[in-house]
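The values are calculated or read from the model by the stated rules, or taken from the named source; none is laboratory data. None of these values were measured; they are calculated from a predicted model. Every residue, glycine as well, gets a Cβ built from its backbone with ideal geometry; the counts of neighbours run over all protein chains shown.
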Ligand code: PRP
């Protein structure tokens, strides 16, 4: 049995439909209820719906053998897992953004609001720029609008949230997409099943 942690939400549904199309279907998942685990014994697969930012935790601890997590989460939390396949979906970028008239005064410590303090710290360290991190959990765009921070480090997908709040992206830190990850022990002991799944995903990616 392969245990798969899927990120709850739109991305997870897309991931499941890919898995379904390559032969890892689990019809009971379409039943409209609040169940969080689904199993297809015949196919040897069990799915869990988990909070997107928790996928890597389930995989790292081995309760899920594999899972799908955004590169943003992998960079921020550096879980001890293998990154196996770039699925090329859930594409967006990690960017620095702020008010249109923002001027960076190098004499001052830059106030950076973000959900991703480690990514932000590493980025500004590489530029030798001194910063103060303001760690938020959501609605990051509010911070520069209300003067809580000078800039934000956040996910930009369509750019609509920035645009509608009179903000603009300044620099891209890193492109992001969804990755198939594996628990290290599972990769060893369930190697045949995981390799077969990766091969099938590789075929799907070529289409
Ligand atoms: C993410 C991100 C931006 C928005 C970007 O927020 O933090 O706010 O999506 O998308 P866009 O460029 O297409 O507008 P999310 O929906 O995860 O909510 P939260 O960060 O406020 O929790």
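Annotations for the structure displayed:
- Any chance residue 120 is surrounded by 17 or more Cβ atoms within 10 Å (Cβ to Cβ), at pLDDT 95 or above, in a helix (DSSP H, G or I) and not assigned by TED's automatic domain parsing to the domain that holds residue 182: yes
- Segment 131-164, residues that are more than 9 Å from the ligand (Cβ to nearest atom), touching a residue at least 12 places away in the same chain (Cβ under 8 Å) and in a loop (DSSP other than H, G, I, E, B): 148, 149, 150
- Failed item, numbered, when residue 206 is tested on (1) modelled with pLDDT of 95 or more; (2) more than 12 Å from the ligand (Cβ to nearest atom); (3) more than 25 Å from residue 54 (Cα to Cα): (1)
- Comparison of 169, 175 shows that the only residue that is in a strand (DSSP E or B) and loosely packed, with under 15 Cβ neighbours inside 10 Å is 175.
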